[in-house]
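Inspection log for the structure reproduced underneath, given as structure tokens.
The values are calculated or read from the model by the stated rules, or taken from the named source; none is laboratory data. Source: prediction; values computed, not measured. Don't worry about glycine lacking a Cβ; one is built from the backbone with ideal geometry, like all the others, and counts go over all protein chains shown. Just so you know, the surface numbers come from the protein's heavy atoms only, side chains and all, with ligands and any DNA or RNA stripped out. Shrake-Rupley method; radii C 1.70, N 1.55, O 1.52, S 1.80 Å.
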Amino acid sequence: MDDEYAKLIRRMNPPRVVIDNDACEHATVIQVDSVNKHGILLEVIQVLTDMNLVITKAYISSDGGWFMDVFNVIGQDGKKIRDKEVMGYIQRRIESNASFFPSLRGSVGVMPSEEHTSIELTGTDRPGLFSEVCAVLADLHCNVVNAEIWTHNARAAAVVHVTDDSTGCAIKDPKRLSTIKELLCNVLKGNNDLKVAKMTLSPPGITSRERRLHQIMFADRDYERVERAGLGRHDDESSRPHVTVLNIEKDYSVITMRSKDRPKLLFDIVCTLTDMEYVVFHGMVNTGRMEAYQKYSIWL
């Protein structure tokens, strides 16, 4: 009953989006008000990330069951968002439901499709790994439409879209998919892999490839491994992110981060906190020319 009541409250109070180009001299201000729910912060940031917008400042608050965010954003050209089509799309997508609204950029979403089969891979990283994966797929008459690959701490993860080379459509034959899985797992495992290599089909639903890669890497627990690539190399301490965690008794924690700014930094951090099942109830983000400062109050 509580779950149904929460759904009713959300239906009666859909997200409201206000886009203002007059409130700030250098950026477009996007304000989002909504009934709070787990993951809504990530959904909103996902929309802005999909549109290749740069978030220069953000203020996050979700007290009392209500969610309110304010984002200062600019385009890749460093200017305000003036395109009415883009502004209207952002508003419609967030207000409709960020998780189930098709992306304006067709290459972003990983969607159930008749046009391709979406494959997820995890295994030990090594030179030439993806070349070997592509060679196996080519031998199996699979055409790679597109792919995104991440590596970290000697682990590799990928989301690959493939089609049948002869039909140009998705591969649905269970026997053929089983063969693809067996051969790819052999390639991913390598000679000295103590962890299980995996190949799975992407789950149904609209999930960005980058979001899936965050989830895959977190499930693979890549963060527990010693970073082999860093052995024998003296890193510049000034270039490394500085993170502090302050536990306020047993109620909540405050995380403060300073790091070199880069595209999608806020998206990556909120993905990580969401995957770890933390709830951000207050937050502040401020970016300069080179550095990003972020502060979050979180609880489990």
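Before moving on, here are some points about what is shown:
- Subset tally (residues that are touching a helix residue (DSSP H, G or I) at 6+ places or on another chain (Cβ under 9 Å), in a helix (DSSP H, G or I) and touching a residue at least 40 places away in the same chain (Cβ under 8 Å)) for the range 45-92: 7
- Every test in (1) surrounded by 18 or more Cβ atoms within 10 Å (Cβ to Cβ); (2) modelled with pLDDT under 80; (3) touching a strand residue (DSSP E or B) at 6+ places or on another chain (Cβ under 7 Å) is passed by Val17 save one, and that test is (2).
- So Ile40, is it in contact with a Leu (Cβ under 7 Å, 6 or more places away or on another chain), at pLDDT 85 or above, open to solvent by less than 30 Å² (accessible area, probe 1.4 Å) and under 25 Å from Asp275 (Cα atoms): no
- Filter pass, Arg176 being in contact (Cβ under 8 Å) with a residue 40 or more places away in the chain, more than 19 Å from Gln215 (Cα to Cα) and open to solvent by 20 Å² or more (accessible area, probe 1.4 Å): no
- Looking only at the range 257-287, and only at residues there that are of a type outside the set (Gly, Ala, Ser), part of a strand (DSSP E or B) and touching a His at 6+ places or on another chain (Cβ under 8 Å), the one that is most open to solvent (accessible area, probe 1.4 Å): Arg258
- Positions within the range 134-168 being more than 22 Å from Arg212 (Cβ to Cβ) and of a type outside the set (Gly, Ala, Ser), in sequence order: Asp139, Leu140, His141, Asp164, Asp165, Thr167
- Scanning the range 136-156 for residues that are open to solvent by 50 Å² or more (accessible area, probe 1.4 Å) and over 24 Å from the mean Cα position of the chain (by Cα) turns up Ala138, Asp139, His141, Asn143.
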